[in-house]
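A quick write-up on the structure given underneath.
The values are calculated or read from the model by the stated rules, or taken from the named source; none is laboratory data. Only a predicted model underlies this, so the values are computations on that prediction, with no experimental measurement involved. Note that we place each Cβ from the backbone using ideal geometry, even for glycine, and neighbour counts take in every protein chain shown. To get the accessible areas, we keep the full protein, side chains included, count just its heavy atoms, and leave off ligands, DNA and RNA. Shrake-Rupley method; radii C 1.70, N 1.55, O 1.52, S 1.80 Å.
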Amino acid sequence: MQAFDQQAKAAEMKGRVGLRPFPYPFSAGLALSSDIDRCDPAAFIRIHQYLNCPRQGLGLAVSDSFFGVGRQYGHMAYYEDDGKTPAKEAELIRKALECGLIDTLHSWGAFDRSPPQADFLRNTAKRLTEDLTARGLNIKILSIHGAPINIHNLYARTEPNFCGDLPDSPFYTGDLVDCLGIKFYWASELLAWPLSIGSGFQGRILQLWRLVQNTVKNSVKRGLGKPAHIRRPHQILPLAYPLKLRDGRTLLGFSRFNAHPDGLWGLPTRHTLRYALSRSNLNRLIRQRGYLIVYTHFGMPADRQDPLFPDPDRQALENLAGHCRAGRIWVARTLDLLTYWLVFHHLEWTVKIEGDDLLIRIHSLADPTTGRRRPEEKELAGICFYTPRPRDTQLFLGDKPLTTTLFHPDETGRPSVGLALPENPDVSFLEKFNHF
Ligand SMILES: [Zn+2]
């Protein structure tokens, strides 16, 4: 009888162990995701000194992007427009990649007036990949540079001309995307709402409502003869989804959020952050315990006036920083938010009771892009487990014990243990580039 009681107690304890949807103490997650269009190095430095620096600015973890080529249009790029001479900002880009301030490639190049030459594109992409990987740098996120003329982009639902992932196209670069380490891909999917994780009754009702709306919109699109514009449920509900490219590779596609007076496809800039980060949007995000990756272009408008952020946008950012300091919204680099999402949804672990100890063992990550594998320790940053016995809980990655912190009960009344948050990029190196 006693053995039976113990078994029942152990089973009950195991049932109370679970992953927390966000690192403690946060209730929601948000990343500012900026395409580097029209951003020159001087603006890049000032913007990130304000956003990231805890002494001179807001101390938020905000990452950015860069181009391979595209300087003739005023974009920050690694190479001059010959595709081989390092640009004057190449070292700045490398330093930003090293510390995590840049985590996204905004396509190999910007070809905004005429499409790229196939050989030029391939050679530039290859040179960039070889240069960065030889320095031990890889890039995990790729974001499309949108205009249809940029045919070298990978597959995008709304752009049938893009052919970067078609193996028999002269613009094929799928192999190089792989070498560079790309795992997450923004394929121009925009949404106008926070992405609820869909837990709880309210979350499920909200998701159901979105599905109904989407079905109606899809019928209209079919009626208008625009089948390519039809959106599947996985493109409107979760933050990310496995996206199989035409060369057989799978990336994790993700959706970004846009709130703009001109509608979903209005061009967001640092002067429209007031809409995306409105008080009501942030409150809705917290209420829904959702994820949000905000689509923006920090470098725009390019005619740099002072102040860099007009009052309404500055106030919106300060309000966001206040939510972060108060432990409500986790403001993270795009890569960290996507990685947390991936781990939360695909981590495989077991619980064992040994005497008074509760052992949580992480075995693997059922990663849709690579198949099942052992997660790297840094991918687990911020991961938090609810546990009924935090003091007696030990966390392992395979056989390796991990150092955890004990957390008080949160708004659900449950205590947890968790790993340290991902580190914010240290942007003090930007001072060395003040000559720009
Ligand atoms: Zn762009």
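Note down the net charge around Gly174, summing +1 for each Lys or Arg and -1 for each Asp or Glu among other residues with Cβ under 11 Å from its Cβ.
Neighbourhood net charge equals -2.
Suppose only helical runs count, i.e. DSSP H with n ≥ 4. What mean residue ellipticity at 222 nm does that imply for the chain under -39500 (n - 2.57) per run, divided by all residues and rounded to the nearest 500 deg cm²/dmol?
Result for the chain, helices only: -9000 deg cm²/dmol.
Please report, in debye to the nearest 20, how large the charge dipole of region 290-436 is about its Cα centre when each Lys and Arg carries +1 at its beta carbon and each Asp and Glu carries -1 there.
Charge dipole, region 290-436, about its Cα centre: 320 debye, nearest 20.
Suppose all protein chains stay in the model; what accessible area per residue would a 1.4 Å probe give for region 314-433, in Å²?
The answer is 47 Å² per residue.
Please calculate how many Å² of accessible area region 141-216 carries per residue, with a 1.4 Å probe and no DNA, RNA or ligand atoms counted.
Per residue, region 141-216 has 40 Å² of solvent-accessible surface.
Between Lys244 and Glu431, what is 0.36 nm times their sequence separation minus the Cα-Cα distance? Round to one decimal in nm.
63.2 nm
With label points built 7 Å along Cα→Cβ from the Cα atoms of Asp311 and Ala326, find their separation and express it in nm.
With each label placed 7 Å out from Cα toward Cβ, I get 2.2 nm.
Put a dot 7 Å past each Cα toward the Cβ at Arg279 and Glu98; how far apart are the dots in nm?
About 4.4 nm separates the two model spin labels.
Please state the shape class of region 177-279: rounded when a/c is under 1.5, otherwise prolate if a/b exceeds b/c and oblate if not, all from the C-alpha gyration tensor.
On the way: a/c = 1.34, a/b = 1.14, b/c = 1.18.
In terms of gyration-tensor shape, rounded.
How much of the DSSP beta bridge set in the chain is antiparallel, as a percent to the nearest 5?
Bridges in the chain that DSSP calls antiparallel: roughly 50 percent.
Can you give the longest run of the chain that contains no trypsin sites (Lys or Arg not before Pro) sitting in a DSSP loop with at most 10 other Cβ atoms inside 10 Å?
On the way: sites that count: Arg55, Arg113.
With a cap of 10 other Cβ atoms within 10 Å, the longest stretch comes to 114-436.
Suppose a student asked you for the relative contact order of region 132-194, using Cα pairs under 8 Å spaced at least 6 residues apart; what percent would you report?
39 percent
For Arg287 and Gln202 in the same chain, what is the full-extension length gain: residue separation times 0.36 nm, less their Cα-Cα distance, in nm?
29.6 nm
Would you mind checking Lys140/Lys378; Lys140/Lys226; Lys88/Lys140; Lys183/Lys378; Lys88/Lys432 for any pair whose Cα atoms are more than 21 angstrom apart?
Lys140/Lys226; Lys88/Lys140
Once both labels are modelled 7 Å past Cα along the beta-carbon direction, what's the Glu411-Arg55 spacing in nm?
With each label point 7 Å from Cα toward Cβ, the separation is 3.5 nm.
About the Cα centre, and with charges only on the beta carbon of Lys, Arg (+1) and Asp, Glu (-1), how big is the dipole of the chain? Nearest 20 debye, please.
Values: 54 positive and 46 negative charges, 274 e Å.
Dipole magnitude for the chain comes out near 1320 debye.
Quick check on region 126-238: take the gyration tensor over C-alpha atoms, sort the square-rooted eigenvalues as a ≥ b ≥ c, and tell me if it's rounded (a/c under 1.5), prolate or oblate.
Oblate is the answer for region 126-238, as a/c is 1.5 or above yet b/c matches or exceeds a/b.
Dipole of region 208-302 (Lys/Arg Cβ +1, Asp/Glu Cβ -1, origin at the Cα centre): which of Phe254, Tyr275, Met300 lies farthest to the positive side?
Phe254
How many percent of the accessible area of the chain is carbon or sulfur, using a 1.4 Å probe?
Taking all protein chains in place, the chain shows 52 percent carbon and sulfur surface.
Using the Cα centre of the chain as origin and beta-carbon charges of +1 (Lys, Arg) and -1 (Asp, Glu), tell me which of Gly59, Leu365, His145 is placed farthest towards the positive end of the dipole.
The residue sitting farthest along the positive end of the dipole is Leu365.
Compute, for region 274-341, the length of the dipole vector about the Cα centre, with Cβ point charges of +1 (Lys, Arg) and -1 (Asp, Glu) only. Units Debye, rounded to 20.
420 debye
Determine the relative contact order of the chain: mean sequence separation of Cα pairs under 8 Å and six or more apart, normalised by residue count, in whole percent.
Dividing the mean separation by the residue count of the chain yields 21 percent.
Report the extension gain between Ala228 and Cys179 in nm, rounded to one decimal, defined as 0.36 nm multiplied by the number of residues separating them, less their alpha carbon distance.
14.7 nm
Provide the solvent-accessible area of Thr370, counting protein heavy atoms only and rolling a 1.4 Å probe, rounded to the nearest 10 Å².
Counting only protein heavy atoms, the figure is 90 Å².
Among Tyr241, Pro170, Tyr78, whose Cα sits farthest toward the positive end of the charge dipole of the chain (+1 at Cβ of Lys/Arg, -1 at Cβ of Asp/Glu, about the Cα centre)?
It is Tyr241.
With a ≥ b ≥ c the root eigenvalues of the C-alpha gyration tensor of region 217-271, is it rounded (a/c under 1.5), prolate (a/b larger than b/c) or oblate?
Note, shape of region 217-271 comes out oblate.
Hydropathy at least -0.5 by Kyte-Doolittle, axial extent at least 27 angstrom from the Cα trace: which helices of the chain, defined as entire DSSP H runs, fit?
The qualifying helices are 200-223.
May I ask you to give the solvent-accessible area per residue for region 10-116, in square angstrom, as obtained with a 1.4 angstrom probe?
Heavy-atom accessible area per residue stands at 31 Å².
Debye calculation, C-alpha points only, no solvent: report log10 I(q)/I(0) for the chain at q = 0.12, 0.14 Å⁻¹, in the same order as the q values.
-1.05, -1.39
Could you compute the FRET efficiency for Trp209 and Arg16, with r as their C-beta to C-beta distance and R0 at 25 Å, rounded to 0.05? Walk me through the numbers before you get to the answer.
Details: r = 31 Å, r/R0 = 1.25.
The formula returns an efficiency of 0.20 here.
Could you work out the local net charge near Pro41, counting Lys and Arg as +1, Asp and Glu as -1, over the other residues with Cβ closer than 15 Å to its Cβ?
Around Pro41, the charge tally is +1.
For the chain, modelled as a Gaussian network with Cα springs under 10 Å, which listed residue fluctuates most, Pro23, Pro310, Pro41?
Highest fluctuation among the options: Pro310.
Using only the alpha-carbon atoms of region 1-103 as identical scatterers, what base-10 log of I(q)/I(0) does the Debye formula give at q = 0.17, 0.19 Å⁻¹?
Result of the Debye calculation: -0.84, -0.96.
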